[in-house]
Amino acid sequence: MTDEVVSLVSLREGEEGVIQAVSGGPGLIGRLASLGITSGIKVRMVRNIGGPLIVTTNGTRIAIGRGQAQKIVVRRLTAGEEEDKTA
Amino acid sequence: MTADGELLVALAGQPNVGKSTVFNILTGLSQHVGNWPGKTVEKKEGYYSIDGRRIRIVDLPGSYSLTAYSEEEKIARDFIINERPNAIVLIANASAVERSLYLLAEFLLLNVPVVVALNMMDVAEQQGVRIEVRMLEKYLGVPVVPMVASKNKGIKELVSAILHISEKGDNFNPSLADVAEDHRDIFAELAALLEPYIDPPYLIRWTITKIMEGDPDVTERMAQSVPADVWRRTQAVLREHEDSLLAVVRGRYDWIEGAVRSATSKFKRGQILFTDRLDDILTRPSLGIPILFGVLAVVFAITYGLGLPLQQVLESLMRVLVTWIEPLLGQSPWVRGIVVDGLVGGAGTVLTFLPVLFFFFTAMAFLEDVGYMARAAFVMDRFMHFIGLHGKSFLPFCLGFGCNVPAVMGARILESGRIRLLTIFLTPFVPCTAKLAVVTLIAAAIFGKDAFLISWLLIAGNILVLGFTGMIVSKLFFTPMHMPFIMELPFYHKPNPRTIGIVVWKRIIAFLRKAGSIIVLFSVLLWLLSHIPGGDIETSILGSVGRFLEPVGRPMGLDWKMIVALLSGIAARENAIAALGVLYGVGEEGIRVILASVMGHATALSFLVMLMLFVPCVATLVVMKQEMGSWRWFLLSFAFMLFLSYAAGIVAYRGALMIGI
Ligand SMILES: Nc1nc2c(ncn2[C@@H]2O[C@H](COP(=O)(O)OP(=O)(O)OP(=O)(O)O)[C@@H](O)[C@H]2O)c(=O)[nH]1
Ligand SMILES: [Mg+2]
């Protein structure tokens, strides 16, 4: 089990990660939290080809601009790793 | 609260959870329903009566949280705080309970009785999420009503829950989310400092939480009302604990986690959803962008392919109608003129566009309802950056093709003030249906078989102008800045004919109302002005004003009637058709025949170019001013459009003459 901590933008499509931290102003942190993007939550990368990316979490899919996504730090889950609790 | 036993109930919830669907069922009204976040941007009211009790129901704009990041969220929050409704119905999305509960956690702090309407149970089911409603109720301490609003399920139960809770009054004791454990003492410290200065309607717990969250409004207000030394100490505490916001968020998610653990289970997992498959295609730039243009092309092909032939049929029907009614009108040239040239030639010609509008509205409502709009906005994001905007602005622009007024209002979903301003500034360059009607009609009359091409070029040109203007204005007036782009992509769903029907119906009615009021009045007025005193256009009041204006139109090859037509478009864009109809007296022969004989190609072209770029109708101007909130920007945009349309008109005219069109 490797604990690779990276920015959200470096997750490839299909990969999953657990959010470790969101940096940025209260506006960004608060808005993302109200959409379910906050520390401890598991996300899956759906679309990541330049431009904004799309992640899914708990039944929500969200488009996030690259600039904002760079401020989200995740722990990459390696394939097959049984994801632990998501919150 | 309202007097005489009337109840005030607010429908709140995150965007796109079905608030307006529930509102429409209860009140019988028809608020805009579609499948993308951010349709309702103003609060709307209606009534529902049961057992002799009247309930005033308010449909609030969707808000992800109660920290007001965008205009609509501010509206929702201020309403709850200032109006203190008897009950709030928090509409939650059963297929995304976590984030619906996040908003609930905030609402519960406001100490107003809340009923949770757990909507979209069908979607949750499809995704294999099972929710034990009783368990959830017990955990939250709040009544929970499962619903499928789009299928009318659960409404009765919701109403009785509302009645029940608003009678219980103060007996409402929900479980509340605390701040995370390690910050409880900070919370207590802040509370001790600020408590004496928090006055109703603001609540202590809510205010402290908002301060910890760094809510700009609340912080600002407290800074004003708290003595300087207390405020300094407050700020010192906050500075020392910069992670207060995270503690609040963490506290909420602990509470949510508890609810989810006690009440939901996943019985199926790992299924590939339909939405995933479609998104794989539609959000991939290499496919998504061509598909978007394809989709738009199909929309216009349907609109014009089916709508225009019907428009022609209506036009000939109208001529038949004239031959029937003419003998009944007696001898007076005035009565005949008002009816045949004024009403029929003016307002009647406008009405023949009904089929075109019908097909356009239906196609757009379909795209909205299946959930495509948010994807279109997503793939457009990269292009929108060139013009200083981002993908979300594409949503109001799309509304703009229908009518610019809701588009300007719709810009409220944009969180950043400058993006909103620029979006509003550019909206008039989105050709609305009324503008398109004028263009199609004139192009068809003048350019014959090239009409389609000319119309397309004009529309494309209009959109290019939008692009260039955006580029220039954002370069000139705004410093480059990170533009936060966060947008939810809803699930696709099967088109619901009822929802689509309601949307189309509402827009058609709005058009008919406009045609039956402003445009009828205007047509008659214009006819009178162009025939008083002598009964002859050239010597009429309008004729003399017109000749005075004639020099203005000369560089573009326009005669005064065309200038009047252009100006009359300010009252309502369709008036341009009505005005041409009235001034050239097309009542009997139909506008196509007459126009062809009075307008040369170059003139028609410059007229159309000017019309595309000219200042929008009054309705749009009024909301632009209101939403821009600044005279400076409004006047700048007004002057810009005047100048641009004038200059472009001249260029089009001279250019057309030069290449001999
Ligand atoms: N499957 C399903 N769809 C629903 C249900 N309720 C509403 N919808 C659909 O969800 C979409 C959003 O509904 P709206 O009523 O427009 O949502 P809203 O909360 O008013 O949205 P905003 O005004 O944008 O905040 C529409 O396409 C509805 O037809 C439901 O119970 N099940
Ligand atoms: Mg709504």
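The table below gives the values:
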{"item": "Projected area averaged over orientations for region B:277-343, convex hull of C-alpha atoms, nm²", "result": "6.8"}
{"item": "Net +/- balance of residues flanking B:PHE477 in space, Cβ distance below 12 Å, scoring K and R +1, D and E -1", "result": "+3"}
{"item": "Largest to smallest accessible area among B:PHE468, B:PHE267 [probe 1.4 Å]", "result": "B:PHE468, B:PHE267"}
{"item": "Prolate/oblate/rounded label for region B:1-74 (Cα gyration tensor, a/c 1.5)", "result": "oblate"}
{"item": "0 to 90° range, to nearest 10: angle between helix B:541-553 axis and chain B longest Cα axis", "result": "80"}
{"item": "Cβ-defined net charge surrounding B:PHE378, 14 Å radius [Lys, Arg +1; Asp, Glu -1]", "result": "+3"}
{"item": "Accessible surface of region B:94-199 [probe 1.4 Å, protein heavy atoms]: carbon and sulfur percent", "result": "48"}
{"item": "Förster radius 22 Å - calculated FRET efficiency between B:GLN331 and B:VAL598 (Cβ-Cβ, nearest 0.05)", "result": "0.20"}
{"item": "Chain B: C-alpha pair distances exceeding 44 Å, %", "result": "32"}
{"item": "Buried accessible area, chains B and A (both chains, 1.4 Å probe, Å² to nearest 100)", "result": "3100"}
{"item": "Rounded if a/c under 1.5, otherwise prolate or oblate - region B:7-171, Cα gyration tensor axes", "result": "rounded"}
{"item": "Protein accessible area in region B:383-482, 1.4 Å probe - carbon and sulfur %", "result": "78"}
{"item": "Exposure ranking of B:ILE75, B:ILE91, B:ILE518 by accessible area [1.4 Å probe, largest first]", "result": "B:ILE518, B:ILE75, B:ILE91"}
{"item": "Rg(Cα)/(2.2 N^0.38 Å) for region B:531-615, N = residue count", "result": "1.05"}
{"item": "Helix B:618-628 axis, angle to chain B major axis (alpha carbon atoms, nearest 10°)", "result": "30"}
{"item": "Compactness relative to 2.2 N^0.38 Å, alpha carbon Rg of chain A", "result": "0.98"}
{"item": "Area accessible to solvent at B:LYS266, 1.4 Å probe radius, in Å²", "result": "140"}
{"item": "Nearest-10 value in Å² for the accessible area of A:THR56, using the 1.4 Å probe", "result": "20"}
{"item": "At least 50 Å² of accessible area lost relative to the chain alone, listed for region B:484-517 with a 1.4 Å probe", "result": "B:PHE485, B:ILE486, B:LEU489"}
{"item": "GluC sites (Glu not before Pro) within region B:570-640, DSSP loop, no more than 15 other Cβ atoms inside 10 Å", "result": "B:GLU589"}
{"item": "Shielding by other protein chains, B:380-392, mean Cβ within 10 Å", "result": "2"}
{"item": "With DNA, RNA and ligands ignored, accessible area of B:TYR304 (1.4 Å probe; Å², nearest 10)", "result": "30"}
{"item": "Cα pair distances in region B:190-317, grouped into 5 Å bins until the bin that holds the longest one, percent each", "result": "2, 8, 11, 10, 7, 6, 6, 7, 8, 9, 9, 7, 5, 3, 2, 1"}
{"item": "Share of Cα-Cα pairs in the protein assembly as shown lying beyond 36 Å, as whole percent", "result": "49"}
{"item": "Degrees separating the helix B:285-325 axis from the principal Cα axis of chain B, which is the longest one", "result": "50"}
{"item": "Cα gyration tensor, region B:285-659 - rounded (a/c under 1.5), prolate or oblate", "result": "prolate"}
{"item": "For B:LEU608, net neighbour charge (Lys/Arg +1, Asp/Glu -1) across residues whose Cβ lies under 13 Å away", "result": "+1"}
{"item": "Semi-axes of the equivalent ellipsoid for region B:481-564, Cα gyration tensor, largest first, Å", "result": "46, 23, 9"}
{"item": "Unsatisfied cross-links (Cα-Cα over 29 Å) in the set B:LYS138/B:LYS392; B:LYS44/B:LYS514; B:LYS43/B:LYS168; B:LYS43/B:LYS506; A:LYS42/B:LYS153; A:LYS71/B:LYS19", "result": "B:LYS138/B:LYS392; A:LYS42/B:LYS153; A:LYS71/B:LYS19"}
{"item": "Computed [θ] at 222 nm, helices only, for chain B once each DSSP H run of length n ≥ 4 contributes -39500 (n - 2.57)", "result": "-19000 deg cm²/dmol"}
{"item": "Within region B:277-374, trypsin sites (Lys or Arg not before Pro) in DSSP loop having at most 16 other beta-carbon neighbours inside 10 Å", "result": "none"}
{"item": "Per residue accessible area of the protein assembly as shown, 1.4 Å probe, in Å²", "result": "40"}
{"item": "Student exercise, chain B dipole from Lys, Arg, Asp, Glu Cβ charges, in Debye to nearest 20", "result": "1240"}
{"item": "Listing of region A:21-55 residues, each with accessible area lower by at least 30 Å² in the full protein assembly than in the chain alone (probe 1.4 Å)", "result": "A:PRO26, A:ILE29, A:GLY30, A:ARG31, A:ALA33, A:SER34, A:LEU35, A:THR38, A:ARG47, A:ILE49, A:PRO52, A:ILE54"}
{"item": "From the C-alpha gyration tensor of region B:591-639, square roots of 5λ in Å", "result": "33, 12, 5"}
{"item": "Cross-link partners of B:LYS475 among aspartates and glutamates (Cα-Cα below 19 Å; sequence separation of 8 or more within a chain)", "result": "B:ASP381"}
{"item": "Nonlocal amide H pairs with B:ALA92, under 5 Å, H built at 1.01 Å", "result": "B:ALA117, B:LEU118, B:ASN119"}
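The values are calculated or read from the model by the stated rules, or taken from the named source; none is laboratory data. Not measured: the values here are computed from a predicted model. Quick reminder, even Gly has a Cβ in these numbers, built from the backbone with ideal geometry, and neighbours come from all protein chains shown. These accessible areas exclude ligands, DNA and RNA; they are computed on the full protein's heavy atoms, side chains included. Shrake-Rupley method; radii C 1.70, N 1.55, O 1.52, S 1.80 Å.
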